Amino acid sequence: MSQTNIPRHDWSIAEVEALFAIPFSDLMFQAQTVHREHFNPNEVQVSTLLSIKTGACPEDCKYCSQSARYNTDVQKERLMEVEKVLEAAKVAKEQGSTRFCMGAGWRNPKARDMPFVLEMVKGVKALGLETCMTLGMINGGQADELQEAGLDYYNHNLDTSPEHYNSIITTRSYQDRLDTLQNVRDSGMKVCSGGIVGLGENAQDRASFLAQLANLPKHPESVPINMLVKIAGTPLADVDDLEAFDFVRCIAVARIMMPKSHVRLSAGRDAMNEQMQAMCFLAGANSIFYGCKLLTTGNPEANKDMQLFAKLGINTETVATDDIDTEQKITTAVVNQQNKELFYDAAL
Ligand code: SF4
């Protein structure tokens, strides 16, 4: 292993700023070198994200269309029925996804929500997909329940630097985020944690944010780096754009600092042209999200991604799955659910 990619957990902000400052070509070369020591550079992992409960969130994240505090176009939706989630997961699998991520706009799941989300985890897992959830803050007991149900990953983003955090969210603390990540780790689940750039933070904040992630006792297995999607009605609707090269630098620095993690190109990818996405892959991004559009007729977004992969000679990463009859598994899961209450207003 080269000296450039021994995983470290003791980054100073100054060291990270120094990485950001090296000439762009040198940074890309260093990131690509680290990337090739741990991954096939021509493989990208594909996850599908489904919102299982949308809107009416009590938190005040200033970038988010789901916060009940802002007047956005998002329609509040109750917790999805388990069977609908499983049908969506089946489509995702057929479209090439290997991981199915289920997200709920909650501050934290309540006790009454847990039986439903646990059924979702069990059902999706039975389809042979990796499972991921993002439900807000969870305590140790909830983390254990999710792990026992078969949840592979829990997503909980640090969002930004500790220094910039209070400018973005006031309804919870940075320490709350770290506590949930610790609960996830303690349960044995894998951690998916990253953040958003373009939140009006400065360059030092971006360095500090990546230092927080890399200095966790264990690097998150998955590190989503999002470019802010500006949503009308949210307080950050008119924030200045982040320079595109600064975003690519973030990907490259994340790759160098967390050499064995999957670095995910997440929100904001829709707004990037093919060349920008290719540059992010060169910088070490090796995971993407298909959004909910995957699940609609025609799947134009999925087709566009596959065309880009073909142009770049990229294959989708596969995971080992057992020989599962998908149709049968869905039928079984739905039958198991048929006498249960499937739909209720989890937003209240
Ligand atoms: S907790 Fe999640 S859903 Fe709620 S406002 Fe923040 S980002 Fe949005």
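Miscellaneous remarks
- Selection of the range 92-103 for residues being free of Cβ contacts under 8 Å to residues at least 60 places away in the same chain, within 14 Å of the ligand (Cβ to nearest atom) and surrounded by 23 or more Cβ atoms within 10 Å (Cβ to Cβ) yields only Met102.
- Filtered residues of the range 111-167 (kept if charged (D, E, K, R) and touching a helix residue (DSSP H, G or I) at 6+ places or on another chain (Cβ under 7 Å)): Glu119, Lys122, Asp144, Glu145, Asp159, Glu163
- The range 241-259, residues that are among the charged types (D, E, K, R) and modelled with pLDDT under 95: Asp241, Glu243
- Selection status of Asp159, crowded, with 19+ Cβ neighbours inside 10 Å, on the phi > 0 side of the Ramachandran plot, under 19 Å from the mean Cα position of the chain (by Cα) and not aliphatic (A, V, I, L, M): yes
- When the range 157-197 is limited to residues that are polar (S, T, N, Q) and in a helix (DSSP H, G or I), the one that is farthest from the ligand (Cβ to nearest atom) turns out to be Ser187.
- Pairs, first modelled with pLDDT of 95 or more and assigned to a helix (DSSP H, G or I) in the range 9-21, second surrounded by 13 or more Cβ atoms within 10 Å (Cβ to Cβ) and of a type in the set (Lys, Arg), C-beta under 6 Å, six or more apart: Phe20/Arg249
- For the range 198-212, a residue qualifies if it is farther than 20 Å from Ile22 by Cβ and not in a loop (DSSP other than H, G, I, E, B), and exactly one does: Gln212.
- Check on Asn71, in contact with a strand residue (DSSP E or B) (Cβ under 7 Å, 6 or more places away or on another chain) and farther than 28 Å from Gln142 by Cβ: no
- Selection status of Tyr154, assigned to a helix (DSSP H, G or I), modelled with pLDDT of 95 or more and within 16 Å of the ligand (Cβ to nearest atom): no
- Selection count where residues are in contact with a helix residue (DSSP H, G or I) (Cβ under 6 Å, 6 or more places away or on another chain), touching a residue at least 60 places away in the same chain (Cβ under 8 Å) and more than 21 Å from Ile169 (Cβ to Cβ), scope the range 184-233: 1
Rundown of residues vs (1) out of contact with any His (no Cβ under 7 Å at 6 or more places or on another chain); (2) in contact (Cβ under 8 Å) with a residue 60 or more places away in the chain; (3) farther than 22 Å from Met189 by Cα; (4) assigned to a loop (DSSP other than H, G, I, E, B), yes/no style:
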| position | (1), (2), (3), (4) |
| --- | --- |
| Gln45 | no, yes, no, no |
| Cys64 | yes, yes, yes, yes |
| Asp73 | yes, yes, yes, yes |
| Glu83 | yes, yes, yes, no |
| Glu87 | yes, yes, yes, no |
| Lys90 | yes, yes, yes, no |
| Pro109 | yes, no, no, yes |
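Here's the yes/no breakdown for (1) surrounded by 19 or more Cβ atoms within 10 Å (Cβ to Cβ); (2) away from the ligand (no atom under 14 Å from the Cβ):
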| position | (1), (2) |
| --- | --- |
| Pro58 | no, no |
| Leu79 | yes, no |
| Gly105 | yes, no |
| Arg112 | no, yes |
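- The range 124-151: number of residues that are within 15 Å of the ligand (Cβ to nearest atom), buried (at least 21 other Cβ atoms within 10 Å of the Cβ) and outside any strand (DSSP E or B): 2
- Any hit, the range 28-49, residues being within 15 Å of the ligand (Cβ to nearest atom) and modelled with pLDDT under 95: yes
The values are calculated or read from the model by the stated rules, or taken from the named source; none is laboratory data. Computed from a prediction, not measured in an experiment: that's the story for all the values here. Quick reminder, even Gly has a Cβ in these numbers, built from the backbone with ideal geometry, and neighbours come from all protein chains shown.
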